[in-house]
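This report concerns only the one structure given below.
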Amino acid sequence: MWILMYVSYLLMGMSFVLLGLTGLMGYFNFTVMNANHMQFALISSILYMFTETLIMFYFIITGKKIKEYIKENQCDIELYRGVIKMKMKLFPHVTINMVIVGAQFILGGAVHSGAIPGWAHGLMFDVAFLHFLWVIAIQHNCFRENTELVITLHDKVQLKQPS
């Protein structure tokens, strides 16, 4: 669990840097490692989508394991409500941001073909990137809450067991 959380943080950081660099490439028209804006956007988008999907599955799997742990150790089921609150806080924002970033990538092709103006694509990038910053903050808080919940559950079970 801890390794996957650390990997998620690493991938979040990489996604942040690559998406930010992709935006700068779009605004200032330069290449990175001989990749143009569209090629770099493809790589950035794939890494970003993988990262966000991994994080969503992390919370799905840990939520399921927490629920099993609560049942196995006959803990108060109210503790599981924290997992539900976390998912309700995190999943809508992650999903919306994935849709915005995905649409942003697709609209890049529309800009390239001249169907929409470049400024609209740039504005949508700004919205997507700012929302991604908000999502990173939410993800961090949910990782923290999830860790605290696991520690609390462990402590409650240890107190119930005779020495």
For the range 58-68, 3J(HN,Hα) per residue [Karplus equation, 6.51 cos²θ - 1.76 cosθ + 1.60, θ = phi - 60°, Hz, x = Gly/Pro]: 4, 6, 5, 5, 5, x, 5, 5, 5, 4, 4
Computed label-point distance, nm, for sites T53 and M33 using a 7 Å Cα→Cβ extension: 2.0
Hz values of 3J(HN,Hα) by residue in the range 77-94 - Karplus curve (6.51, -1.76, 1.60), Gly and Pro given as x: 5, 4, 4, 6, 4, x, 5, 5, 4, 4, 5, 5, 7, 8, 4, x, 5, 4
Other-chain or far-sequence residues with amide H under 5 Å of A35's (modelled H): none
Top of L18, L47, L79 by mean-square fluctuation, Gaussian network on the chain, Cα under 10 Å: L79
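When the helices in the chain are scored as -39500 (n - 2.57) per DSSP H run of 4 or longer and the sum is shared across all residues, what 222 nm value do you end up with, to the nearest 500 deg cm²/dmol?
Mean residue ellipticity, 222 nm, calculated: -31000 deg cm²/dmol.
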Whole-angstrom gap from the range 96-141 to the range 34-87, using each part's C-alpha centre: 21
Rg/Rg_globular for the range 2-157, with Rg_globular taken as 2.2 N^0.38 Å and Rg from C-alpha atoms: 1.25
HN-Hα J in Hz across the range 103-119 - Karplus 6.51, -1.76, 1.60, θ = phi - 60°, x for Gly and Pro: 5, 4, 5, 5, 5, x, x, 5, 5, 4, 8, x, 6, 10, x, x, 5
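Where a number appears in this text, it was derived from the coordinates with a stated rule and is not lab data. Here the structure is a predicted model, which is why all the values come from computation and not from measurement. Cβ sites come from the backbone with ideal geometry, for glycine too, and all protein chains shown count toward neighbours.
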